[in-house]
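The block underneath contains the structure these notes are about, expressed in structure tokens.
The values are calculated or read from the model by the stated rules, or taken from the named source; none is laboratory data. Values in this document were obtained by computation on a predicted structure and should not be read as measured data. Backbone-built Cβ (ideal geometry, glycine too); neighbour counts: all protein chains shown. Ligands, DNA and RNA are stripped out before the accessible areas are found, and what is left, the full protein with its side chains, is counted by its heavy atoms. Shrake-Rupley method; radii C 1.70, N 1.55, O 1.52, S 1.80 Å.
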Amino acid sequence: MSTGIKFCGLRRKEDIAYVAELGADFAGFIMSPKFWRYVAPEDVANLRKGLPETTKVVGVFVNEDVSYVAKCINDGVIDIAQLHGSESEDYIKELREATSDKAVITKVFLIKSEDDVELARKSTANYVLLDSGVGGTGQTFDWTLIRDIGREYFLAGGLNPDNVADAVNRFHPMAVDVSSGVETDKLKDYAKMTAFAQAVRGGKYDTV
């Protein structure tokens, strides 16, 4: 199975056009207002109209009220809720209940030790995302910690066109997630996004 691509921190119509052309599997929007990449739900709903149906829309939330995340799911604004804070297993259960169990959930884990890997392994979320920090740090973590995680995962944290092929070839994650690694002056860079997609796909990518 080939590794999927998630471009995150999308904000502009240009970003959406790049994602659509490159045929990314996931499009991520920061939906917690305290972050500078924040995009309001109504704007996400409009921007997603420019994406192919095959691209899943991911809303990224950091310690938000369950009701806010559930509304984004129930209103069809997003396909996947990515929880990037200290959300607990009880929070995940409550979110499923608030969406009549239709929520698709990715829980983010910041990997600093074997204990963090164990928490990710046991999570009841549909997916886990393994990262180095919050908010596009541009830093990788010790990838050797995740060799034996025993479940599929998104790999994030410091990925860019120069190192992502190594990550994919060594660890074969379900998908790779990038934001600041394909930006120039805090804007998505088409050339960097293209190079990233080519690196993940062995020098080739399929446009849609």
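Key figures for this structure:
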item	result
Number of the condition not met by Trp36 [criteria: (1) within 30 Å of Asn169 (Cβ to Cβ); (2) aromatic (Phe, Trp, Tyr); (3) out of contact with any helix residue (DSSP H, G or I) (no Cβ under 6 Å at 6 or more places or on another chain)]	(1)
Subset of the stretch 149-158 (residues that are assigned to a loop (DSSP other than H, G, I, E, B) and either at pLDDT 95 or above or under 21 Å from Ile80 (Cα atoms) (or both))	Arg151, Glu152, Ala156, Gly157
Val44 β-branched (Val, Ile, Thr) and closer than 28 Å to Lys186 by Cα	yes
Members of the stretch 18-29 found to be touching a Gly at 6+ places or on another chain (Cβ under 8 Å) and open to solvent by 50 Å² or more (accessible area, probe 1.4 Å), listed by number	Asp25
The lone exception for Leu10 - which of (1) part of a helix (DSSP H, G or I); (2) within 21 Å of Ile73 (Cα to Cα); (3) touching a residue at least 60 places away in the same chain (Cβ under 8 Å) it fails	(1)
Gly157 vs. criteria on the phi > 0 side of the Ramachandran plot and either open to solvent by 30 Å² or more (accessible area, probe 1.4 Å) or not basic (Lys, Arg) (or both)	yes
Pairs with Cβ under 6 Å, 6+ apart, first in the stretch 30-55 and farther than 10 Å from Val77 by Cα, second assigned to a loop (DSSP other than H, G, I, E, B) and at pLDDT below 95	Pro52/Val208
Inter-residue pairs, beta-carbon under 6 Å, first among the hydrophobic types (A, V, I, L, M, F, W, C) and in the stretch 136-154, second part of a loop (DSSP other than H, G, I, E, B) and at pLDDT 90 or above, 6+ apart	Phe141/Ile111; Phe141/Gly157; Leu145/Ile111
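For every residue, the table says whether it meets (1) open to solvent by 70 Å² or more (accessible area, probe 1.4 Å); (2) modelled with pLDDT of 90 or more; (3) of a type in the set (Ser, Thr, Tyr).
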site	(1), (2), (3)
Arg147	yes, no, no
Asp162	yes, yes, no
Met174	no, yes, no
Val182	no, yes, no
